[in-house]
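Q: Take a look at this one; I'll ask things after.
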């Protein structure tokens, strides 16, 4: 096919989508709004803009002229937010170091990303000291502190952040450059192998921010976002750009409350003082906050929360709704910048009863604006929108990592067929609402059907005698795979395989599961293998079974 | 400077910003919502999507494989909306014909744009018939009717729109292509010369739509837009894409009410039946509606209106606010897609009194998201944000026409210095709120100061003896220009130049104007030259003065 193009005027400005556009807009609406760090620092957007420019000038003093990777290793802070703009807007790449990784993994990511400068919170200096001699590209280290005092260190450091900034000019003209320049990078870890580096361009983060404007701004319904919100992110800034909202919140001049090192008491204190209206976090953080004794008297009725990172448990959703929290689910991953889907509860639906709300708000939701999401079966065909047929979520959006840095094979695997493969299995209903069923490597493929191991675990776990259960697929000559259950009984209880089968029979009769979903084999065991972060290690479980 | 780029996976999809993304999203949220045309047609978004695809297939049947320019000459209708997507999403260019132009101008635009197909409402067939033999590129004509009956015509036509659509399949896979492909074109007229063609790419209209999401979605305050709104555009679709909102409204699955040929009674009837909550129009349309006898009992308290096209008179703003209309101003032009600025009234400010509201809501407002707006003086320097210093509005945004089609000289003039020159003179205050003062060709430049001819006309017009007044600048050896007034007295009144000078003296004393703003010369005359659309023709006035 043909398309028409028309000659541009020589002088016509071809506006690149750069993060500086968001930074500049932060002075437009409500620059008098404050950015608050714990009970230590508060300043307005005029000051924020000046400090971002001082930081940009510091990089210049370091001899950096763009194209370098500058890492940050900090809790969520105003300084981290400054780096979100100063690093990419000077044409450099922001590497957000995941300080929850092991020391050797952190070292790996620093070297792999080719970091030349690290801005590091004093708390993490010992980590860097531990492998200082092994850092191959780092030339300069700047220390971020709570009190201005740099602890004694063997590392060669440039100085303390505030002192260095104080020496710089607050004037800096951010340049224009190619919108495809990389703006950020960070690492995602699987159960095996080295962390993999994803990367996002200015264009991608801009379009992600604009996608959020559509999805959370124009769309009406539960948990939407406004420039008048007070924003308190509760996800680490190293985790997928704090889910992308810090860029948008800053552009819109929102009042921001940054909680630093996560301490429930500090968060609750800030909650009482600053009255946040919008947050996002993983379920465990929300659990910790709403269950905290000091939180029982808090008024949460003006609080909107997006839950992501792992499934929102229905029980937690219920507690949150009962406390008046406007809670929804978002779904995405490191590779996706992150947003792919989010709950859509229309104004009319907000009046539905709590059981309806729990069901709707714990689902992954509908695709965000500009997200082309396909749930595909083994043959690459889209599954029916019947809320039953399982398939892998694949996607195209303007903000997906275009590969893994220096990992060509894994990059092609990620993008096979021209769609990014999430590795997540889901169903979708006729209203386009997605429900995550399982990780694809854990789903059990038997006789052409996909069975969610998580669904089976939930059903089996309802038996009164069972403390814990893992379900995995085991190879089967006839059916491809068959489900196998690994069960830990509660102390003093007993259960036979036949009793368990009979128990599951009720779910077969009610149509909740098909009869071929009932596990053929059951191991009763004392403990289920876990990963370092406490998730069931199904890879190990499957490996052990194959060895038998 | 350097930037970092990282190799993409071979299969990674580089998502182009295409209008089909908006069309696809129209099925996501509330596809059961209806698009309504007068009291004649109503259907939901499922049907809309099918009809868009039927129209795409009709173009295919016509042998069109992209890259052609297809014109529409219609009132605001569901069919027009279908063409907004079917034409660009098939890789063709949508030419929205301004049927308010003279026949010779319409012919000029059809030939200049190189239209190959015209979709024309039966009402406009006589216009085409008048110059049929002079159309140089048009090969096919499709007729749109209110009742399915094509009136007798000498033109060779392909058939009636509905009958042609009925023959086509409702399946069509819109292709991917370069986001810089031209999606739309239309013509802007000055006081002299031929109409000039502006043009916008898919990328530009997408980013304009996303900019609206930020500006009208995330920003909180007066007159914002939601997917739950009922949208009733009251600007012609030929005028700068109906100001860009039809694209967004469709993507968000809003209920839409399209009024067709403008008849106040029909609009008011639809208002009562469909209860629109969001519209945009020029001041005269709003005036016509709120002053209409049948409108006096209408509840307007849930109606949001953006006024653009010309300045919102304070008196009209007052009437609208008193009726409970949430009214604001938008500013832009054909060359700018159109949005540049819009009123920002924060939730707190919405409680200010009506005098404050009138002042704030009649100003052009603050730059929209991603709009880099500079108000510059004669030397290209930005004026102070003192609400006094006048300069020309220049802009960079991702959605400005990159020139005039086949007019290289005018294109370079438009974009001189790398900023689009609007030709509008404005002041800006410390809160970034813009106020339009004049057209730059009408502003009077005297002794290094800029004086708004409109401001002077407003002051002079306050004299009880004066019926009408025009102020223009006349060349002056010493001062560059000096203001000259042309005055029409009310019947039975008299006034001398000295009396007028004395009258203006009060404004000099109160500081409203400087003493050098008082016109040196005054002509008392029977009539002021006007353009064909009734605006004062200052070009003619200046020309007449020079001849003297």
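Nothing in this text is a laboratory measurement; each read-out follows from the coordinates by a stated rule. Please read these numbers as outputs of a predicted model, since none were measured by experiment. Don't worry about glycine lacking a Cβ; one is built from the backbone with ideal geometry, like all the others, and counts go over all protein chains shown.
Q: Between residue A:429 and residue B:468, what is the FRET efficiency for a Förster distance of 60 Å, r being their Cβ-Cβ separation, to the nearest 0.05?
A: 0.40
Q: If I fit a long axis through the Cα atoms of helix A:202-213 and take the longest principal axis of the Cα atoms of chain A, what angle between them do I get, 0 to 90°, rounded to 10?
A: Here the helix axis deviates by roughly 60 degrees.
Q: How big, in percent, is the set of alpha carbon pairs in the protein assembly as shown lying more than 55 Å apart?
A: 23
Q: To continue, here is another question. What are the distances, in nm and sorted shortest first, from the label point of residue A:105 to the label points of the same position in each other copy, with each label point placed 7 Å from Cα along the Cα-to-Cβ direction?
A: Spacings between copies for this position, smallest first, are 6.7 nm.
Q: Give me the number: length gained by fully extending residue A:291 to residue A:385, i.e. 0.36 nm times residue separation minus the C-alpha to C-alpha distance, one decimal in nm.
A: The span from residue A:291 to residue A:385 would gain 30.1 nm if fully extended.
Q: A further question follows. Testing the spin-label approximation: label points 7 Å from Cα along Cα→Cβ at residue B:476 and residue A:61. State their distance in nm.
A: Roughly 5.3 nm, to one decimal.
Q: Per residue of A:200-212, how many C-beta atoms from partner chains lie within 10 Å of its own C-beta, taken as a mean?
A: That works out to 3 on average.
Q: Follow-up question, since we're still on this one. Principal axis lengths of region A:1-58 from Cα atoms, whole Å, largest first?
A: Between the extreme Cα coordinates on each principal axis of region A:1-58 lie 60, 25, 20 Å.
Q: In whole percent, what relative contact order does chain B give with Cα contacts below 8 Å and a gap of six or more residues?
A: It comes to 10 percent, rounded to a whole number.
Q: When only C-alpha pairs under 8 Å and at least 6 residues apart count, what is the relative contact order of region A:65-224, in percent?
A: Across region A:65-224, relative contact order equals 22 percent.
Q: Counting DSSP beta bridges with both partners in region B:22-428, what percentage is antiparallel, nearest 5?
A: Percentage antiparallel, nearest 5: 45.
Q: Hey, another quick one. If you fit an axis through the alpha-carbon atoms of helix A:497-509 and take the longest principal axis of the Cα set of chain A, what angle between them do you get, 0 to 90°, nearest 10?
A: Compared with the principal axis, the helix lies near 80 degrees.
Q: Across 10 Å bins from the origin, how do the percents of Cα pairs in chain B run, short distances first?
A: Taking all Cα pairs of chain B, the binned fractions are 3, 16, 26, 26, 18, 8, 2, 0, 0 percent.
Q: Right, another one. Copy-to-copy spacing for residue A:294, label 7 Å out on the Cα-to-C-beta vector, in nm, shortest first?
A: Spacings between copies for this position, smallest first, are 6.4 nm.
Q: Could you state the per residue volume, in Å³, of the convex hull enclosing the Cα atoms of region B:1-150?
A: Considering the Cα atoms of region B:1-150, their hull volume per residue is 190 Å³.
Q: Rounded to whole angstrom, how close does the nearest chain A beta-carbon get to the axis mapping A onto B, and which residue is it?
A: In chain A, the Cβ lying nearest the symmetry axis toward B is A:217, 1.
Q: Further question on the same structure: Starting from 0 in steps of 5 Å, tell me what percent of the Cα-Cα pairs of region A:388-443 lands in each bin.
A: All Cα pairs, binned at 5 Å, distribute as 4, 19, 23, 21, 18, 9, 4, 1 percent.
Q: When A:220, A:65 are ordered from fewest to most other Cβ atoms inside 10 Å of their Cβ, what list results?
A: A:65, A:220
Q: Based on the alpha-carbon gyration tensor of region B:112-257 and its eigenvalue square roots a ≥ b ≥ c, which shape applies: rounded if a/c is under 1.5, prolate if not and a/b is larger than b/c, or oblate?
A: Note, shape of region B:112-257 comes out prolate.
Q: Hey, another quick one. Mind giving me the FRET efficiency for residue B:173 and residue B:44? R0 is 25 Å, r the Cβ-Cβ distance, nearest 0.05 is fine.
A: Using R0 = 25 Å, I get an efficiency of 0.70.
Q: Still on this model: Using only the alpha carbons of region B:442-547, determine the length spanned along each of the three principal axes and report them from longest to shortest in whole angstroms.
A: Per principal axis, max minus min of the Cα coordinates gives 33, 28, 22 Å.
Q: Let me ask something else. Compute the acute angle (0 to 90°) between the alpha-carbon long axis of helix B:78-89 and the principal axis of greatest extent of the alpha-carbon atoms of chain B; round to the nearest 10°.
A: Between helix and principal axis, roughly 80 degrees.
Q: Then there's this: Take B:284, A:90, A:96 and order them by how many other Cβ atoms sit within 10 Å, fewest up front.
A: Taking fewest neighbouring Cβ atoms as first place, the list is B:284, A:96, A:90.
Q: What ranking of A:77, B:494 emerges when the number of other C-beta atoms within 10 Å of each C-beta is taken as an exposure proxy, fewest first?
A: So the ranking, lowest neighbour count to highest, is B:494, A:77.
Q: How far is residue B:543 from itself in the other copies, in nm, if each label sits 7 Å out from Cα along the Cα-Cβ line, shortest first?
A: In nanometres, ordered from closest: 8.8.
Q: Using a simple spin-label model with points 7 Å from Cα along the Cα→Cβ vector, what separation in nm is obtained for residue B:314 and residue A:315?
A: About 6.5 nm separates the two model spin labels.
Q: Rounded to the nearest 500 deg cm²/dmol, what is the calculated helix-only ellipticity per residue at 222 nm for chain B, with -39500 (n - 2.57) per DSSP H run of length n ≥ 4?
A: Mean residue ellipticity at 222 nm (helix-derived): -8000 deg cm²/dmol.
Q: Also: Which residues does a label at residue A:282 reach in region A:165-198, if reach means a backbone N under 15 Å from a point 7 Å past the Cα toward the Cβ?
A: Under cut-off, by backbone N: A:187-191.
Q: With a Förster radius of 25 Å, plug the Cβ-Cβ distance of residue B:134 and residue B:410 into 1/(1 + (r/R0)^6) and report the FRET value to the nearest 0.05.
A: The computed FRET efficiency comes out at 0.55.
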